[in-house]
Amino acid sequence: MNIAVLVKQVPDTNEIKLDPKTGTLIREGVESIMNPDDRLGLETALMLKDAHGAKVTVISMGPPQAIDVITEAMAMGADGGVLLSDRNFAGADTWATSYTLGKALEKLLAETRLDLVIAGRQAIDGDTAQIGPQVAEHLGWPQVTYVSELKLEDGSLRAWRKLPGGVEEVVCPLPAVVTVLDAPQDPRWAMVDRLLWACGPKSPIRVWDAADIEAPAKSTGLRGSLTQVMQTFSPKSERKTDWIEGTAEEQARHLVNALSQRNLI
Amino acid sequence: MAVWIIEENCTGCGLCAKACPYGAMVIEDKLARVTDRCTECGACLAACKFEALASDIEQEPIPDLSGYKGVWVFAETQEGKLLPVSRELMGEGGRLAAELGQDLCAVLVGSGLEPLADELASLGAKKVFLADDPRLAAYATLAFTRVLADMIQAHAPAVLLMGATPLGRDLAPRLSRRLDLGLTADCTQLGIDKETGNLLQTRPAFGGNVMATIYTPRVRPQMATVRPGVMAPPQARAGAQAEVIKQEVKLLDSDLLLKLMSFTPLASQGVDISQAKTIVAGGRGCRSREGFGLLAELAQEMGAELAGTRVAVEEGWIGVERQIGQTGVTVRPELYIACGISGAIQHRAGILGSRFIVAINRDANAPVFSVADYAIVGDVFKVVPAMLAALKEAR
Ligand SMILES: Cc1cc2nc3c(=O)[nH]c(=O)nc-3n(C[C@H](O)[C@H](O)[C@H](O)COP(=O)(O)OP(=O)(O)OC[C@H]3O[C@@H](n4cnc5c(N)ncnc54)[C@H](O)[C@@H]3O)c2cc1C
Ligand SMILES: Nc1ncnc2c1ncn2[C@@H]1O[C@H](COP(=O)(O)O)[C@@H](O)[C@H]1O
C-alpha cells in the first residue's frame with residue numbers, strides 16, 4: 001500500500017491582520033503552519049499505515065521554506081517527502097497548482113505503485129477546496145470529498161463523508177483521491193528522533209524543480225494560471241450606524257419604534 | 001522572473017501596495033519598492049495606472065473568445081425541487097446576462113426534472129439545457145462531469161455559475177480541470193468588466209481578512225461557484241416560456257463506480273436558517289443555556305429563528321445547524337439581531353447580506369458595531385427583557 005499526502009504550508013490566518021492605513025496584509029510575525037485539514041489528512045494516512053502497513057509520502061509545492069511542513073510530517077510518521085520548488089511555480093492558481101502536483105504524482109507513479117492520494121478539503125489561505133478534485137481529474141482517478149473517516153477493503157475504500165445534512169457512506173475503487181475535513185482521532189505529535197532523522201544527512205526528502213517533473217513554464221505558476229488576481233481590498237461596510245442611547249428601557253423602546261416604522265416587526 | 005519599478009513613471013500613489021496580497025510592495029520617498037516578500041503573483045501589474053511597473057513574467061496570448069455566448073446557471077436540485085441557491089443564481093445570472101447583452105440559460109441534470117423548466121423560465125431563463133436520465137437520479141461526480149462537459153462543448157457558453165454547495169464544490173473543480181477552464185471558488189460578488197466583458201469574481205481570502213477580485217482572461221466559459229445566501233433571488237414572472245434543449249446522455253461504466261451505501265441524516269434537522277426573514281442570534285455574551293432561553297423568548301415574540309456564533313454551538317447552547325458564519329450558514333434576513341456577539345470576521349462574513357442589523361453588546365468597541373444599522377451599547381440581560389416589554393406594549 002502506497003499513499004501520497006498533499007500538504008501545504010500556510011500563514012496562520014487567525015493572526016493575520018490588515019494594516020488599517022494601507023489596507024494590506026500584515027504578515028510580519030505571522031507564523032507559517034501546516035494547513036489544518038492537511039494535518040488531518042496525514043493522520044488519516046498514518047492510521048491506515050498503522051492498520052495495514054503502508055508507505056506514506058508527503059508532497060508539498062512551495063518556496064524552499066515549505067520544507068518545514070515536510071519535515072514535520074515525517075516527524076509525525078511519514079516515510080518520505082517531496083518538495084516541489086521552482087521560481088516558475090510562483091503565483092500559481094488552482095489549475096497550475098493541480099497541474100504541478102499532478103506532474104509530480106506522475107513521476108512518483110513511474111517509480112512505484114500509488115493506491116491513494118489524500119488532500120485536505122481546503123487550505124485556509126485560499127479556502128478554494130479545488131485542488132483535490134483537480135488532482136483527481138489530472139490522474140483520471142475517482143474522487144471522494146469531505147471525508148471524515150476512511151477504511152480500506154479489498155481493492156476499494158469505504159469512506160464517510162461529512163455533509164451539512166448528515167453523513168454519507170460510500171465505497172470507491174482504488175486508486176482514488178480523497179479530500180478530508182476531519183479524522184477519527186486528533187493528529188499525533190511529532191517525535192523528536194524522527195525530526196532529527198528528517199532534518200539530518202540521511203533524510204529521504206527530495207526536492208524537485210520544473211525540469212525534474214517535466215512541467216513546461218507555460219503550464220505552471222502565474223503564467224500557467226487561468227485565473228488572475230485583479231485587485232485585493234479590505235472588506236468594508238456601507239452601513240450608517242444609528243447609536244441608540246439612554247437606559248435599557250429607552251433603548252429598547254427607541255429600537256422597537258424604529259423597527260416597526262420600517263415594517264420589520 | 002521579477003517585478004521592478006520604472007522610476008520616472010512612478011508617482012508613489014500606492015495603488016500597487018494596496019493591490020499586493022503579500023505586503024511586498026512598499027512606498028518610500030514617493031517611490032514604490034519591491035521587497036523580498038514578492039511572490040511574483042502579478043497583482044500589482046494590473047493595479048498600476050502609470051505604466052510604472054514592469055516584469056518579465058511572460059503572458060500567454062488571449063485568443064478570440066467572441067464565439068462563447070450565454071450566461072449559464074447550473075440549477076442544483078434536491079428531491080426534484082430547485083435549491084434556494086439555484087434561484088439566487090438565476091437572479092444574479094440574469095443581471096450579468098443583461099449587462100453582456102446575452103441570454104440567461106439554466107442547466108438541469110438529473111432524472112425527471114423536465115417539469116422544472118417552467119419555473120426556471122419564470123426566473124428568467126431563455127433556454128433550459130436538460131440532461132435527463134435515470135442514471136443521473138443521484139449525484140455522481142464523474143457522470144455529472146461528463147454530461148456537463150458534453151453540453152459545454154456543444155454550446156460554448158461564456159459564463160457558468162454553480163452554487164458553492166458541497167455538490168457544487170465537488171463538481172465544479174473536476175469539470176474545470178477536464179475542460180481546462182479557470183474556476184473561482186465561493187464568490188460573494190460578481191460583475192462584468194465594461195471594457196473586456198470579463199466576469200469579475202470577488203471572493204474572501206485569508207479567512208475573510210481580504211477580498212480579492214479575480215478574472216479569467218483567456219479561456220471560456222468563465223466558471224465560478226457562488227456562496228449560497230449571498231445573492232438575491234429574482235421576482236418570478238409567471239407564464240414566461242423557455243426553449244428546452246435536450247442533451248443526449250452518454251456515460252461510461254467507469255463514471256458510475258462510486259457506490260452510495262447509506263445516508264445518516266443529522267439528528268437535529270428541520271431548520272434552514274438561511275431562509276429566515278428575521279433572526280435573533282446570540283454569542284458568548286449570553287453566557288448560558290438560560291441566557292439563550294431569554295433569546296428564544298424574544299425570537300418567539302418576533303416570529304424569528306434563533307441562531308448563534310460558533311462559540312454558542314461549541315458551548316452546546318444551540319445546534320450546529322444554527323451556526324452563522326464562515327464555517328456555518330450565510331444568512332440574508334430582513335432583520336438580524338446580534339446579542340452578546342463580538343462580530344469576529346468569520347461571523348460577520350455570514351451576516352453581511354442582512355437588510356438591517358441590530359447589535360447589542362456592552363463593549364462599544366466590539367467589531368460587530370462596524371456592520372450595525374442600529375447599535376445598542378448595553379447589557380443583553382437588561383436590553384432584551386426591555387425589548388420584550390416594549391414589543392408586548394406595542395402589540
Ligand atoms: C477558521 C475559523 C472559522 C470560524 N468560523 C466561525 C463561524 O462560522 N461562525 C462564528 O460565529 N465564528 C466562527 N469562528 C470563531 C470566531 O473567530 C469567533 O471566535 C466567534 O465568532 C466569537 O463568538 P462570540 O461573539 O459568541 O464570542 P466572543 O468573541 O467572546 O464575544 C462575546 C461578546 O459578548 C459581549 N458581552 C459579554 N457579556 C455581555 C452582556 N451581558 N451583554 C452584552 N454583551 C456582552 C462581549 O463584549 C463580547 O463582545 C471561526 C474561527 C476560525 C478560526
Ligand atoms: N501548494 C500545495 N502543495 C501541496 N498541497 C497543496 C498545495 N495547495 C493545495 N494543496 C492541497 O490541496 C488541498 C486543498 O487546497 P485548496 O484547493 O487550495 O483549498 C490542501 O488542503 C492540500 O492538501
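The values are calculated or read from the model by the stated rules, or taken from the named source; none is laboratory data. Here the structure is a predicted model, which is why all the values come from computation and not from measurement. Backbone-built Cβ (ideal geometry, glycine too); neighbour counts: all protein chains shown. In case anyone asks, the SASA skips ligands and DNA or RNA and just uses the protein heavy atoms, side chains included. Shrake-Rupley method; radii C 1.70, N 1.55, O 1.52, S 1.80 Å.
Data for the structure
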quantity: Listed residues A:E245, A:E111, A:E137, most fluctuating in chain A (Gaussian network, C-alpha, under 10 Å); calculated: A:E245
quantity: Kirkwood-based shape ratio for the stretch B:71-252, expressed as Rg/Rh from alpha carbons; calculated: 0.94
quantity: Distant-in-sequence amide H partners of A:Y146 (H built 1.01 Å from N, under 5 Å); calculated: A:T179
quantity: Net length gained if the chain between B:A364 and B:E243 were fully extended (0.36 nm per residue, minus Cα distance); calculated: 38.0 nm
quantity: Among B:C187, B:C105, B:C44, residue whose mean-square fluctuation peaks in a GNM of chain B (springs only between Cα atoms under 10 Å); calculated: B:C44
quantity: Cleavage-rule hits (GluC sites (Glu not before Pro)) in the stretch B:43-141: DSSP loop, at most 16 neighbouring Cβ within 10 angstrom; calculated: B:E51, B:E58, B:E79
quantity: Residues with amide H under 5 Å from that of A:I59, placed H, sequence gap 5 or more; calculated: A:V5, A:L6, A:V7, A:V82
quantity: Helical mean residue ellipticity (222 nm; -39500 (n - 2.57) per DSSP H run of 4+; nearest 500) of chain B; calculated: -7500 deg cm²/dmol
quantity: Label-point separation, B:R355 to B:L257 (7 Å along Cα→Cβ), nm; calculated: 5.1
quantity: Whole-Hz couplings from phi, Karplus 6.51/-1.76/1.60, listed for the stretch B:379-395; x for Gly and Pro; calculated: 8, 3, 6, 9, 6, 5, x, 5, 5, 4, 5, 5, 5, 5, 4, 6, 6
quantity: Spread of Cα-to-Cα distances over 10 Å intervals beginning at zero, given as percent, for chain A; calculated: 7, 26, 30, 17, 9, 7, 4, 0
quantity: C-alpha center-to-center spacing [the stretch A:186-230, the stretch B:196-271] in angstrom; calculated: 31
quantity: Cα-projected label distance for A:E245 with B:R135, points at 7 Å along beta-carbon direction, nm; calculated: 7.2
quantity: Note, ³J(HN,Hα) from phi for the stretch A:118-133, Karplus 6.51, -1.76, 1.60, rounded to Hz, x at Gly and Pro; calculated: 10, 10, x, 4, 8, 9, 6, 7, x, 6, 8, 6, 9, 5, x, x
quantity: Percent accessible area from carbon and sulfur atoms, the protein assembly as shown, protein chains only, probe 1.4 Å; calculated: 50
quantity: Tail fraction, Cα-Cα pairs, the stretch B:134-232, threshold 22 Å, whole percent; calculated: 31
quantity: Residue with peak Gaussian network fluctuation, chain B [Cα springs, cutoff 10 Å], from B:V280, B:V271, B:V244; calculated: B:V271
quantity: Between A and B, accessible area buried - total, square angstrom, nearest 100, 1.4 angstrom probe; calculated: 7800
quantity: Net charge contributed by nearby residues that have their C-beta within less than 9 Å of A:L84 (K/R +1, D/E -1); calculated: -2
quantity: Dipole-positive endmost among B:A138, B:V384, A:V30 within the protein assembly as shown (Cβ charges, Cα centre); calculated: B:V384
quantity: B:C187 long-range amide H proximity, modeled H, under 5 Å; calculated: B:T225, B:V226, B:R227
quantity: Percent of Cα-Cα distances greater than 29 Å, calculated over chain B; calculated: 54
quantity: The protein assembly as shown: antiparallel DSSP beta bridges as a percent of all, rounded to 5; calculated: 40
quantity: The stretch B:273-394 - Debye-derived log10 I(q)/I(0), Cα point model, q = 0.21 Å⁻¹; calculated: -1.19
quantity: Theoretical FRET efficiency, 1/(1+(r/R0)^6), r = Cβ-Cβ of B:V271 and B:E195, R0 30 Å, to 0.05; calculated: 0.10
quantity: B:D150 accessible area, assembled protein chains, probe 1.4 Å, Å²; calculated: 50
quantity: Net charge, A:G246 excluded, C-beta distance under 14 Å - Lys, Arg +1, Asp, Glu -1; calculated: -3
quantity: DSSP beta bridges in chain A [antiparallel fraction, %, rounded to 5]; calculated: 45
quantity: P(r) histogram, all alpha-carbon pairs of the protein assembly as shown included - 20 Å bins from 0, percent; calculated: 18, 49, 31, 2
quantity: Segment B:T264-B:R395, extension gain: residue separation times 0.36 nm, minus the distance between their alpha carbons; calculated: 42.8 nm
quantity: Cα long-axis angle, helix A:94-111 against chain A (0 to 90 degrees, to the nearest 10); calculated: 20
quantity: Label-to-label distance, nm, for residues given as B:W4 and A:A217 (7 Å Cα→Cβ offset); calculated: 1.6
quantity: Calculated from backbone phi, Karplus (6.51, -1.76, 1.60) coupling profile of the stretch B:295-309 in Hz, x at Gly/Pro; calculated: 5, 4, 4, 4, 4, 5, 4, 9, x, 10, 8, 8, 8, x, 8
quantity: Counted charge near A:P184, where neighbours are those whose Cβ lies closer than 11 Å (Asp, Glu -1; Lys, Arg +1); calculated: -3
quantity: The stretch B:9-74 and the stretch B:134-172: distance between their alpha carbon centers, rounded to Å; calculated: 32
quantity: Degrees, to the nearest 10: A:36-52 long Cα axis against longest axis of chain A; calculated: 40
